[in-house]
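Everything on this sheet refers to the single structure shown next.
The values are calculated or read from the model by the stated rules, or taken from the named source; none is laboratory data. Worth saying up front: this structure is predicted, and the values here are computed from it rather than measured. Here the Cβ is made from the backbone with ideal geometry for all residues, glycine too, and neighbour counts use every protein chain on show.
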Amino acid sequence: MSYGAIGGLIIVFLGAFVSSFIIFFAVRKFGRNFIYAFVSKEKIEKIEQNKIFSNQKRLDLILFVLFLIPGTPKDLLVYIGGLLPIKPMKFLLISTFARFPSIVSSTIAGSNLIAGNWAVVIATYIITFLIAALIIYMFNKNEKVYIKL
């Protein structure tokens, strides 16, 4: 709030990287039992059984798209990321930089909300929603291709 859009962007961006780093390596060290303290066992099993995560050739792309879509549960994706067969640095880069659109839209909206610029806040969320809908549509349209590759 008091840091503005750019300051807020930097703080949230760094916080996302540091928290992803800590969670990813905690999951790698302590395994599923660590995750169950934060997320239900049923939810984790449901996600692990999803066909999307079974394609190791496209795992990087799938994670990138999921982190890119504003509104997806990125914290849950970080917990799952620690269980996936992906190199730590690659995961951290994907989970950090693919969040950029979500972080930008939320910091712009938050900064303008405090300033009372309702039109900018509404426009930011409409644009974010449209971009997310487009990404989801494109991904769903090509999901069978991603799974087969």
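With the requirement that a residue be of a type in the set (S, T, N, Q) and in contact (Cβ under 8 Å) with a residue 60 or more places away in the chain, what does segment 3-37 give you?
Ser20
Report, by residue number, each residue of segment 111-137 that is surrounded by 14 or more Cβ atoms within 10 Å (Cβ to Cβ), of a type outside the set (S, T, N, Q) and under 19 Å from Thr72 (Cβ atoms).
Result: Tyr125, Ile127, Ile131, Ala132, Ile135, Ile136.
If you take the residues of segment 79-93 that are within 15 Å of Val27 (Cβ to Cβ) and among the aliphatic types (A, V, I, L, M), which of them is surrounded by the most Cβ atoms within 10 Å (Cβ to Cβ)?
Ranking the candidates gives Ile80 first.
Of the residues that make up segment 67-77, is at least one farther than 24 Å from Ile127 by Cα, at pLDDT below 90 and surrounded by 15 or more Cβ atoms within 10 Å (Cβ to Cβ)? Even if it seems obvious, please write down each step before you answer.
Residues of segment 67-77 farther than 24 Å from Ile127 by Cα: 76.
Narrowing the set further to residues that are at pLDDT below 90 leaves 76.
Narrowing the set further to residues that are surrounded by 15 or more Cβ atoms within 10 Å (Cβ to Cβ) leaves 76.
Checking segment 67-77: at least one residue is farther than 24 Å from Ile127 by Cα, at pLDDT below 90 and surrounded by 15 or more Cβ atoms within 10 Å (Cβ to Cβ).
State whether the residues of segment 55-78 include one that is more than 18 Å from the chain's Cα centre (by Cα), assigned to a helix (DSSP H, G or I) and more than 18 Å from Phe25 (Cα to Cα). Let's see the steps before the verdict.
Initially, segment 55-78 is screened for residues more than 18 Å from the chain's Cα centre (by Cα), giving 55-57.
Filter once more, so that each one left must be assigned to a helix (DSSP H, G or I): 56-57.
Among the residues that remain, those that are also more than 18 Å from Phe25 (Cα to Cα) are: 56-57.
There is at least one residue in segment 55-78 that is more than 18 Å from the chain's Cα centre (by Cα), assigned to a helix (DSSP H, G or I) and more than 18 Å from Phe25 (Cα to Cα).
Identify, please: which residue in segment 38-52 is in contact (Cβ under 8 Å) with a residue 40 or more places away in the chain and in a helix (DSSP H, G or I) and is, among those, farthest from Arg99 (Cα to Cα)?
Lys51
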